[in-house]
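One structure is given below, encoded as structure tokens.
The values are calculated or read from the model by the stated rules, or taken from the named source; none is laboratory data. Since the structure is predicted, the reported quantities are computational estimates derived from the model, not experimental observations. Here the Cβ is made from the backbone with ideal geometry for all residues, glycine too, and neighbour counts use every protein chain on show.
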Amino acid sequence: MDAGEIVREPSLPHFRSDALPGRRYFFILAGPPGVCSRFIGQLVKTLLFSLLLWVAAAVPAASQQYSPLGVWADDQGETHVELYRCGEEICGKLVWLRTAATPTGQPLTDAHNPDPERRSKPLQGLVIMQHFRYDGEERWTNGSIYDPTNGRTYSCNLRMLQKDVLEVKGYIGFSFIGSAHRWKRLP
């Protein structure tokens with residue numbers, strides 16, 4: 001080959017209608033080089049982006065159907081507890097007690113608290129539930145619940161049974177050994 005000779009690349013078969021007898025539509029589908037690959041690339045990107053948006057919108061809705069946030073009455077009708085967000089977790093405080101005061105009219109206090117400095121704090125407004133994190137399947141786990149009647153703190157899990165029914169399970173050690181109560185949501 002001489003230095004001044006022009007070298008021609010062989011034409012690609014999809015540019016010649018006679019290269020593929022009986023398949024004249026091949027050129028129309030393939031188009032000029034690069035056009036088809038750019039079109040397919042954009043189509044794939046668009047489809048993947050659409051799929052990502054759909055999944056992102058569907059996952060939170062599917063993962064948590066009911067929220068435990070709100071005011072709940074215990075199963076004995078003695079207290080109302082407000083569950084609220086405290087950072088990334090859920091906490092709960094006493095907002096109503098059937099018996100909120102002593103016979104002399106003084107507010108009930110946290111008399112059984114193991115910390116002597118806290119025994120004078122009123123029960124109403126006392127944070128008794130802490131550290132609950134969503135664990136899937138309508139459950140919030142690894143929390144704790146404080147019982148002001150005996151001054152003890154128990155491990156606790158929450159589970160939404162229905163929109164307005166919350167199972168509160170306090171336990172020591174293993175969650176299958178414990179006491180479960182059903183609280184009802186208040187309007």
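Can you report the number of residues in the range 124-156 which are more than 27 Å from LEU108 (Cα to Cα) and surrounded by 19 or more Cβ atoms within 10 Å (Cβ to Cβ)? Total satisfying the criteria: 2.
Between GLY87, GLY92, the distinction of being assigned by TED's automatic domain parsing to the domain that holds TRP140, among the small types (Gly, Ala, Ser) and within 22 Å of SER179 (Cβ to Cβ) belongs to GLY92 only.
Within the range 157-182, the set of residues being of a type in the set (Phe, Trp, Tyr) and either surrounded by fewer than 13 Cβ atoms within 10 Å (Cβ to Cβ) or not assigned by TED's automatic domain parsing to the domain that holds LEU83 (or both) comprises PHE174, PHE176.
Is it fair to say THR99 is closer than 19 Å to ALA73 by Cα and out of contact with any Pro (no Cβ under 7 Å at 6 or more places or on another chain)? Criteria met by THR99. I need a count of the residues in the range 138-173 that are farther than 16 Å from ILE128 by Cα, touching a residue at least 24 places away in the same chain (Cβ under 8 Å) and not hydrophobic (A, V, I, L, M, F, W, C). Looking only at that region, the number is 3.
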